[in-house]
Amino acid sequence: MSEDTLDKKLSLDKINKLSNGFKFNVKFVAGLVMIAGLIYTLSNSFFYAEPGYIYHVRTVTGNEAVVTEVGYKFYPFGRYNSWKRAMTVQALSGSSSNSIRAEKDSDNSSASLPPMSIMFLDQVDAHAEATVRFSIPSDHESFLHLAHEFRSPENLLRTALIPAFKETLQANASLMAAEEYYAGGRTEFNSEFENQMNSGILLVKREEIIIHSKQSTGSANAALGTDQDEYGDNSKTVFVVNKVLGEDGLPLRKSQRFTDFGVTVVSALITDMRPNAKFIERMQLKQKASADRAIAREQRVQEEEQRLLAIARGEREVAERQAKAKVEQIQKTTEAQTDKQLAITNAEKLKAQAKISKETAEINLEKARIEAETQQTLAEAEAYQKRVILEADNALAQKLEAEVKIQALWADAFAKRNVPTNVFGAGGSSSTPSGSDAETRAFMQMLTLDAAKRLSYDREITK
């Protein structure tokens, strides 16, 4: 093989190697391009739906969808807008003018405004801080209608929600005077603001009315207390707002445009109200004048009360003396009545006691009579019994008992008689010596007979 042929072969081999390397590089680049395209396609076909948002999705084919669920969603080569479910418009201190942050705002508010300048009914201007929170519709038809009309949340805020917020707050201020607001109408003002944000702005007519008050020329009246009559000017101008009524008698309203798209008001709050410096000075002067007037009234009332107190004190002293005299009189009268009543009571008591004693004596007499009759009857019964017994056995038992007692007495006396050592007796024909037992027995028999004679009973037993 010649050198030329060898060189050509080597050149062909180099060309083939270069060609194979180029083919490999082209495939590699093509693979990278395909991977990059796939990544790009996937990155533009999926998005993550965050909670608290509603998404308006448009696909490459022209279809529209409403996404309300949280998670990854597929939209091949399309577009999407995120809308907050609830948007807030705030007028707060420290906010820059027209500082609007839309759906990607990390703050809680969707639109932050500086404090709103409003004008009350009595032409007092003030700066109000308020917050209104809106809720957008979540159903498919209403949301698409809202998205087609405003295209983005920022447009909705700029063209509908913020203007409605400002207009309603300013219109609400024209319903009430500043003095009325600071005199206790704050709650009514806040409630009416929320009502107009929901139902629409009231159509009203403003009128000025001059009121003539009663001219006071008299002195203070203690009976009125702190509610004394006013002194000074007797007329003042009052601003009155009359609501325009329709044929049905209901107030006419200018409807809120955002309600036509299903947007509703969740809450409407007025958090602060700062009037101008002149009004504050005027209120301070009025408060001072009112305080001075109240102090003057109190002083007049106090003087009147002192006068009435002196009168009352004198009347009280007189009343005390009269009461004391009356008490003494009542006491003496009561004591006299008590003594009289006690005397009557004692007399009635003695009378009752005499009556009771008389009745007791009569009862005792009757009792004694009954007892005497009873004793007499018992005695007669006993005598009769004794008489019957005596007549039956000639009083044998009694006679025997008497005889036994007599003999016992004589026997006892005989047993206890004193017998002399030497007995002197006259001599006689009798065989019994003087002072012997026979003489004693004879003597006792004689005494017994004498006693029986005195007792007048017969010792013989009747057959």
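The values are calculated or read from the model by the stated rules, or taken from the named source; none is laboratory data. Since the structure is predicted, the reported quantities are computational estimates derived from the model, not experimental observations. Every residue, glycine as well, gets a Cβ built from its backbone with ideal geometry; the counts of neighbours run over all protein chains shown.
If you scan the range 133-190, which residues turn out to be polar (S, T, N, Q) and within 30 Å of R58 (Cα to Cα)? Step through it out loud before you land on a result.
At the first step, the residues of the range 133-190 found to be polar (S, T, N, Q) are 135, 138, 142, 152, 155, 159, 168, 170, 172, 174, 187, 190.
Selection gives S135, S138, S142, S152, N155, T159.
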Margin query: Is it the case, given these coordinates, that L156 is at pLDDT 85 or above and either over 25 Å from P275 (Cβ atoms) or in a helix (DSSP H, G or I) (or both)?
Written below: yes
Check: Can you tell me which residues in the range 146-175 are touching a residue at least 60 places away in the same chain (Cβ under 8 Å) and within 19 Å of M116 (Cα to Cα)?
Finding: L157, A160, L161, I162, A164, F165, T168, L169, S174, L175
Notebook entry, point to check: Being surrounded by 14 or more Cβ atoms within 10 Å (Cβ to Cβ), at pLDDT 60 or above and touching a strand residue (DSSP E or B) at 6+ places or on another chain (Cβ under 9 Å), is that true of even one residue in the range 204-225?
Noted result: yes
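Counting only residues that are among the charged types (D, E, K, R) and in a helix (DSSP H, G or I), which one in the range 168-212 is farthest from R257 (Cα to Cα)? Please lay out each step first, then the result.
Residues of the range 168-212 among the charged types (D, E, K, R): 179-180, 186, 188, 192, 194, 205-208.
Within this subset, residues satisfying the condition of being in a helix (DSSP H, G or I) are 179-180, 186, 188, 192, 194.
Working: E179: 32, E180: 31, R186: 27, E188: 24, E192: 18, E194: 16 Å.
The residue in question is E179.
With the range 85-136 as the region, which strands (runs of 3 or more DSSP E) entirely inside it contain at least 3 residues that are modelled with pLDDT of 85 or more? Lay out the reasoning, then the answer.
Working: elements: 86-91, 111-113, 116-119, 125-135.
Answer list for the range 85-136: 86-91, 116-119, 125-135.
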Check: Taking the range 123-153 as the region of interest, how many residues are surrounded by 16 or more Cβ atoms within 10 Å (Cβ to Cβ) and within 30 Å of A277 (Cα to Cα)?
Finding: 8
